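What follows is a short report on a single structure.
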């Protein structure tokens with residue numbers, strides 16, 4: 001089974017670099033989180049709302065991961081924060097080495113928080129530690145309420161769940177209570193927020209938590 | 001670069017088995033398509049609407065691919081069609097061998113059409129030929145209009161694009177014309193349908209096309 005052996009080696013090597021990243025982030029006293037979701041769940045919109053609300057309160061840097069284009073980095077740059085775009089060129093997830101190379105061009109010493117926005121993929125990024133403190137999984141109500149059960153790996157490895165696009169609930173067959181229940185069945189320790197980046201609902205609660213987490217860092 | 005070498009071998013081996021599948025499908029005169037999308041774009045709902053409308057007109061079999069659970073097979077089975085569920089147990093895409101093993105338990109000789117519903121992932125399934133005649137990529141309007149540019153591989157390798165959940169357009173910042181334009185920029189040969197599995201809009205046009213494609217098969 002050569003493929004599995006190689007895959008293990010890749011993950012072991014990735015974990016080594018993730019540990020280096022974690023040491024680097026600790027040296028700069030950074031709170032770092034890795035935002036993961038399906039394509040189009042609203043990761044970048046959540047970032048925009050967050051940057052808007054935290055302006056002046058926290059110094060935030062961003063690493064954007066995308067299969068192609070630097071659209072997300074352009075969107076984030078409008079908020080006047082340092083941002084670097086990783087284009088994976090077909091790669092389905094970020095790896096620790098890509099992040100290590102990317103953060104070399106960010107002014108880490110001047111930051112409180114580093115947000116890594118992963119490639120839109122609810123499967124592959126689950127297994128790749130980037131050196132973050134925790135993973136935030138974003139799920140859109142438009143995706144339906146069964147996704148935590150169907151893609152459990154990501155929900156198991158995340159610490160925070162953001163249920164986004166709650167403004168669409170009146171128009172969808174999604175049962176948001178069932179969605180949350182399904183996620184907690186996979187991972188009872190998940191901290192859950194419900195947000196709408198259109199109406200702004202829930203953004204303040206999410207940002208309050210983020211601020212308190214950033215304040216707790218060593 | 002051992003990983004890349006192994007990856008090439010995996011794809012080459014997959015292509016060999018896909019060719020065997022294609023031969024098998026041709027022997028039974030089956031029209032086979034592979035439905036791909038992000039999680040929650042509405043692949044299974046599209047299948048349900050399709051099975052409902054094609055009942056009595058075409059004999060359809062289904063292969064369901066999921067990371068976990070047999071929810072989708074259960075949903076499809078209600079329509080009285082033969083269905084087999086592949087659970088990848090964390091795997092991010094279907095491979096030709098999994099499909100080969102799965103179809104061994106389907107009554108292929110009695111079918112006109114075989115629909116393979118892939119794992120919800122807009123990246124990885126793009127490169128895995130399963131022996132299908134063509135790929136149908138489903139994108140939900142809730143995912144936004146930039147996805148074809150950000151995940152071009154899947155749109156490049158598909159022959160048909162279904163823009164689903166058009167009933168949500170009044171409530172979304174998605175510009176459906178831009179979405180279609182972006183997709184056609186990546187792949188000008190895409191046949192495009194716009195559907196809503198909630199309102200039923202566009203389902204008849206999609207099924208008409210499917211029927212005519214099935215009639216054209218050798």
**Study point:** Hey, residue B:204 at pLDDT below 95 and surrounded by fewer than 19 Cβ atoms within 10 Å (Cβ to Cβ) or not
**Key:** no
Study note, to complete from the structure: Per the filter on segment B:130-156, residues more than 16 Å from residue B:41 (Cβ to Cβ), in a helix (DSSP H, G or I) and more than 7 Å from chain A (Cβ to nearest Cβ) are B:156
Practice item. Specify the residue that is surrounded by the most Cβ atoms within 10 Å (Cβ to Cβ); the eligible residues are those in segment B:157-168 that are assigned to a loop (DSSP other than H, G, I, E, B) and away from chain A (no Cβ under 11 Å). Key: B:158
Check your understanding: In segment B:188-212, which residues are within 14 Å of chain A (Cβ to nearest Cβ) and under 16 Å from residue B:40 (Cα atoms)?
Key -> B:196, B:197, B:198
Practice item. State yes or no: is residue B:55 in contact (Cβ under 8 Å) with a residue 24 or more places away in the chain, more than 10 Å from every other protein chain (Cβ to nearest Cβ), surrounded by fewer than 17 Cβ atoms within 10 Å (Cβ to Cβ) and touching a helix residue (DSSP H, G or I) at 6+ places or on another chain (Cβ under 6 Å)? Key: no
**Study point:** Residues within segment B:107-129 that are surrounded by fewer than 22 Cβ atoms within 10 Å (Cβ to Cβ) and at the interface with chain A (Cβ under 10 Å from one of its Cβ atoms), tallied
**Key:** 1
Study note, to complete from the structure: Per the filter on segment B:81-113, residues free of Cβ contacts under 8 Å to residues at least 60 places away in the same chain, in a loop (DSSP other than H, G, I, E, B) and over 28 Å from residue A:182 (Cβ atoms) are B:82, B:104, B:105, B:106, B:107
Review point. Within the group A:201, A:208, which residue is part of a helix (DSSP H, G or I) and either free of Cβ contacts under 8 Å to residues at least 12 places away in the same chain or within 22 Å of residue A:52 (Cβ to Cβ) (or both)?
Key: A:208
**Study point:** Tally of residues being on the phi < 0 side of the Ramachandran plot and in a loop (DSSP other than H, G, I, E, B) across segment B:54-72
**Key:** 7
Check your understanding: So which residues in segment B:169-187 are more than 10 Å from every other protein chain (Cβ to nearest Cβ) and in a loop (DSSP other than H, G, I, E, B), if there are any at all?
Key -> B:175, B:187
Exercise for review: Could you tell me whether any residue of segment B:159-167 is farther than 30 Å from residue A:166 by Cβ and touching a strand residue (DSSP E or B) at 6+ places or on another chain (Cβ under 6 Å)?
Suggested key: yes
Check your understanding: Scanning segment B:169-187 for residues that are more than 23 Å from residue A:172 (Cβ to Cβ) and within 19 Å of the chain's Cα centre (by Cα), which turns out surrounded by the most Cβ atoms within 10 Å (Cβ to Cβ)?
Key -> B:183
Study note, to complete from the structure: Just one listed residue, out of A:81, A:99, A:87, is within 14 Å of chain B (Cβ to nearest Cβ), modelled with pLDDT of 95 or more and in contact with a strand residue (DSSP E or B) (Cβ under 9 Å, 6 or more places away or on another chain), and it is A:87
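The values are calculated or read from the model by the stated rules, or taken from the named source; none is laboratory data. Values in this document were obtained by computation on a predicted structure and should not be read as measured data. Cβ atoms come from the backbone with ideal geometry, glycine included; neighbour counts cover every protein chain shown.
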